[in-house]
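Q: Structure incoming, see below.
The values are calculated or read from the model by the stated rules, or taken from the named source; none is laboratory data. Keep in mind that what you see is a predicted model, and the values were worked out from it rather than measured. We place every Cβ from the backbone using ideal geometry, glycine too, and count neighbours over all the protein chains shown. Each accessible area value is taken on the protein alone, full model and side chains, heavy atoms only, with ligands, DNA and RNA left out. Shrake-Rupley method; radii C 1.70, N 1.55, O 1.52, S 1.80 Å.
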Amino acid sequence: MKDTNPDEITVGQAAKLLGVHRATIRRRTLSGDLPARRTAYGLLFRRSVLERMLADGWKPWPMGRPKKQ
């Protein structure tokens, strides 16, 4: 049985909330930019944390690969 917390959302729900593609959510999570909890069912995100990030002005990276400095 899954441990569910009503504040936790899936990758797809997080992508919809932030207005980005699911791949962007996964990429930003791997880079450490988005906090997530790994489960046997996949990544789970705290809705309240993502909403706070949006309120603080969070923006997705520009398209394409980051430029080397």
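Q: Protein chains only, probe 1.4 Å: how do Ser31, Ser48 rank by accessible area, largest first?
A: Ser31, Ser48
Q: How much solvent-accessible surface does Val49 expose, in Å² to the nearest 10, with a 1.4 Å probe and all protein chains in place?
A: My reading of the accessible area for Val49 is about 40 Å².
Q: Just to be sure I understand the model, the point goes 7 Å from the Cα along the line to the Cβ. What's the resulting Glu51 to Arg37 distance in nm?
A: Label-label distance for Glu51 and Arg37, simple model: 1.7 nm.
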